[in-house]
Amino acid sequence: MLAPVEDSWLREKRRELLRWSQGQVLEIGGGTGANLPCYRESGRLVFTDPDPAMLGKSTRRLYRHAHETVRVQCRAENLPFGSGTFDTVVATLVLCSVSNPARSLAEIGRVLKSGGRFLFLEHTRGEESIARWQDRLTPVWSRLALGCHLNRDTVSLIQNAGFHVARLERHHPPVMPRLFHPTYVGVALNKTGRSVSRDEFQRSGNIGAQGGSR
Ligand SMILES: C[S@@+](CC[C@H](N)C(=O)[O-])C[C@H]1O[C@@H](n2cnc3c(N)ncnc32)[C@H](O)[C@@H]1O
């Protein structure tokens with residue numbers, strides 16, 4: 001469904017956004033791996049999605065990805081990584097679909113280092129008549145589109161979760177149906193990062209803990 005939008009607008013925005021990635025990167029809800037060809041240089045990439053079918057579809061692109069990648073099946077609400085592990089977390093077209101956005105953002109804040117970057121590209125709740133249509137259609141749409149909400153005020157959710165939004169672009173892409181307007185592309189800095197405790201580090205035999213907890 002996204003193919004025409006991908007070709008005419010989205011791919012370029014992915015590229016622009018991912019220029020801000022650095023160091024150890026976690027991508028949540030990576031789906032079929034549409035971001036993978038758009039990463040510039042980074043350290044190790046941990047690519048995640050809860051859906052095994054999506055992870056399966058990402059295999060070819062992961063294989064071609066130039067940098068070291070690890071694939072993990074997990075939900076944003078419960079990330080199996082140590083606190084303060086990542087320099088960058090990426091979510092594109094994901095926060096509309098997670099079942100608990102506040103908990104997902106708390107988890108992103110936990111696994112990011114203090115001052116780490118959260119890169120996002122998300123369609124959000126609009127204004128006035130668009131918002132009213134988004135409210136009306138979300139119950140049906142979310143059943144058809146794997147939990148996608150048309151009416152989430154995602155930028156406010158990010159700010160309320162304790163991030164500092166350092167860059168924000170608001171778009172009304174002509175190729176996208178108006179129900180997906182506005183779409184925001186942004187870079188938020190983590191203000192909530194904390195150091196991992198020695199106990200926590202020893203308990204977690206997971207990738208995050210091996211990959212650079214402080
Ligand atoms: C519209 S797709 C976007 C895929 C990819 N990020 C992109 O930009 O093309 C939404 C993705 O979110 C994933 N997803 C759904 N619920 C999730 C959750 N609770 N935590 C993490 N990812 C989730 C889905 O499996 C799906 O791959």
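The values are calculated or read from the model by the stated rules, or taken from the named source; none is laboratory data. The structure displayed is predicted, hence computed values, not measured ones. Positions of Cβ are generated from backbone atoms using ideal geometry, with glycine treated the same way; all protein chains shown enter the neighbour counts.
Part of a strand (DSSP E or B), among the charged types (D, E, K, R) and more than 10 Å from the ligand (Cβ to nearest atom), is that true of Arg71?
The answer is yes for Arg71.
All of (1) closer than 25 Å to Phe81 by Cβ; (2) modelled with pLDDT under 95; (3) within 16 Å of the ligand (Cβ to nearest atom) hold for Val175 with one exception: (1).
Listed here are the residues, each with its yes/no results for (1) more than 13 Å from the chain's Cα centre (by Cα); (2) of a type outside the set (A, V, I, L, M).
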| site | (1), (2) |
| --- | --- |
| Phe47 | no, yes |
| Ser58 | yes, yes |
| Arg71 | yes, yes |
| Asn78 | yes, yes |
| Val90 | no, no |
| Ser97 | no, yes |
| Leu105 | no, no |
| Gly115 | yes, yes |
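When you scan region 60-76, do you find a residue that is buried (at least 23 other Cβ atoms within 10 Å of the Cβ) and not aliphatic (A, V, I, L, M), even just one? Within region 60-76, not a single residue is buried (at least 23 other Cβ atoms within 10 Å of the Cβ) and not aliphatic (A, V, I, L, M).
Applying the condition of being closer than 21 Å to Trp141 by Cβ and surrounded by 14 or more Cβ atoms within 10 Å (Cβ to Cβ) to region 1-28 and asking which residue is farthest from the ligand (Cβ to nearest atom) yields Trp9.
Based on what the data block shows, is Gly31 surrounded by fewer than 23 Cβ atoms within 10 Å (Cβ to Cβ), in a loop (DSSP other than H, G, I, E, B) and in contact with a Gly (Cβ under 6 Å, 6 or more places away or on another chain)?
The answer is no for Gly31.
Taking the listed residues Pro139, Pro173, Pro101, the one that is in contact with a helix residue (DSSP H, G or I) (Cβ under 9 Å, 6 or more places away or on another chain) and within 23 Å of Pro50 (Cα to Cα) is Pro101, with no other qualifying. Filtering region 36-77 to residues that are in contact (Cβ under 8 Å) with a residue 40 or more places away in the chain and of a type in the set (Lys, Arg) leaves only Arg44. When each of Gly109, Gly43, Gly31, Gly82 is tested for being among the small types (Gly, Ala, Ser) and closer than 18 Å to Lys191 by Cβ, the lone residue that passes is Gly109.
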